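This report refers to the structure that appears directly beneath it.
The values are calculated or read from the model by the stated rules, or taken from the named source; none is laboratory data. No experiment lies behind these values; they were computed from the predicted model shown. When we count neighbours, we look across all protein chains shown, and the Cβ atoms used for this are built from the backbone with ideal geometry, even at glycine.
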């Protein structure tokens, strides 16, 4: 009986820790205002686009946290086909070659999202079309 209790307690601790980490990392992703201040000639990796802030926060708390790149993140909202979407980008690179090298170093869980290399200028243009929440 004690073994079963310990397993449940361990699972509960893992779940709570994950939820706390998700909330903390979500607060740590840089806001759209930070993206606007970046060099428009630089490049970034667009990791994923999701349909809700909650889903984006969960993604940051899971695969991104495990990849160790949470400190390089920024997020913004965009609107496509009358739908509000949440975009997560990572890193700032001086060239496409640097962005490609970083893309190849991403762990498999992030490779599966098929990250796109984007020029910061195009990200800035896109986010200016939608009212940002932070």
* To do: Please find, within region 59-85, the residue that is farthest from residue 128 (Cα to Cα) out of those that are out of contact with any helix residue (DSSP H, G or I) (no Cβ under 6 Å at 6 or more places or on another chain) and modelled with pLDDT under 85.
  => 66
* Structure fact -> By residue number, the members of region 86-116 that are farther than 20 Å from residue 38 by Cα, free of Cβ contacts under 8 Å to residues at least 40 places away in the same chain and touching a helix residue (DSSP H, G or I) at 6+ places or on another chain (Cβ under 9 Å) are 104, 111, 112
* Lone qualifier among 134, 92, 118 - being surrounded by 13 or more Cβ atoms within 10 Å (Cβ to Cβ) and at pLDDT below 85 -> 134
* Asked: Here are 31, 40: which of them is within 17 Å of the chain's Cα centre (by Cα) and either surrounded by 20 or more Cβ atoms within 10 Å (Cβ to Cβ) or in contact (Cβ under 8 Å) with a residue 12 or more places away in the chain (or both)?
  -> 31
